[in-house]
């Protein structure tokens with residue numbers, strides 16, 4: 001069985017009245033390659049900002065390497081290499 005290294009549950013982000021992400025849930029497994037593909041304004045950059053701690057979601061949460069809502073953003077960034 002492969003380990004899930006990143007999991008989101010119901011991530012939503014609003015900018016004022018604009019809903020940039022609506023209930024995004026994904027699971028990314030170790031040793032796989034993923035890409036985000038979509039139209040302009042689809043929310044790709046917004047999701048990446050949430051996953052790297054640059055933006056907090058309006059709703060939902062995520063876990064990275066089994067840690068729910070990583071509190072130490074700097075430590076998390078060093079672990080993922082950003």
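Nothing in this text is a laboratory measurement; each read-out follows from the coordinates by a stated rule. This is a predicted model, so every value here is computed, not measured. For neighbour counting, all protein chains shown are included, and Cβ atoms are generated from backbone atoms with ideal geometry for every residue, glycine included.
Taking the Cβ-Cβ separation of residue 44 and residue 4 as r and a Förster radius of 25 Å, what is the calculated FRET efficiency to the nearest 0.05?
Details: r = 21 Å, r/R0 = 0.83.
So, using R0 = 25 Å, E works out to roughly 0.75.
D for region 4-80, whole µm²/s, Stokes-Einstein with Kirkwood Rh over alpha-carbon pairs at 4 °C and 1.567 mPa s: what number? Could the numbers behind the result be given before it?
Values: Rh = 13.0 Å.
In µm²/s, the coefficient rounds to 100.
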